[in-house]
Amino acid sequence: MPSTFSLYLGRLIDATLCVTLRSSTLKYGQEGANHREVGTPRGAAGAALAQGADVCVSNKGDLKVSEGTSSCQADPDSQAVAVNESDAVAFDDSRTTAVNNSTAVAIDDSEATAVNDSFAFARGDCAATAQNSEQAFCP
């Protein structure tokens, strides 16, 4: 059974990130039918935390959660989430999500998502998504 802290943090992640994964495109701030599924990056972070796993959440320059080996960093305008031995970095009004031994980096109003041994890099008002050992760069 998850602890009260885990349930609170899951709600915090839901409230602050509102991430949904649709058609391989990460969309922030959008509610939808699947926004709570474990298959989405935000859902994976909440589920991993509830199970006592490896999670890092940085929101608007504040490190909210750092449990395990995952690392994350975000400036005051950005959000970064890393789950299960992953790394996420976001600067200059950007958002990143990295899940399952992946790395995501976003700079300058961009979004990067990396899942399952992948790497995603986005900069300059761009979005990059990598899955299943892929690498994605934008531009």
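The values are calculated or read from the model by the stated rules, or taken from the named source; none is laboratory data. Computed from a predicted model, the values in this text were never measured in an experiment. Positions of Cβ are generated from backbone atoms using ideal geometry, with glycine treated the same way; all protein chains shown enter the neighbour counts.
Here are some notes:
- Scanning the stretch 76-102 for residues that are among the acidic types (D, E), in a loop (DSSP other than H, G, I, E, B) and under 16 Å from A114 (Cα atoms) turns up just one, E85.
- Taking first residues from the stretch 84-104 that are on the phi > 0 side of the Ramachandran plot and partners that are assigned to a strand (DSSP E or B) and surrounded by fewer than 23 Cβ atoms within 10 Å (Cβ to Cβ), the Cβ contacts under 8 Å between residues at least 6 apart in sequence or on separate chains come to D92/I107.
- When residues of the stretch 42-75 are limited to those that are part of a loop (DSSP other than H, G, I, E, B), closer than 27 Å to D108 by Cβ and among the small types (G, A, S), the one modelled with the lowest pLDDT: G61
- The residues of the stretch 96-126 that are surrounded by fewer than 20 Cβ atoms within 10 Å (Cβ to Cβ) and of a type in the set (A, V, I, L, M, F, W, C), listed by number, are F119, C126.
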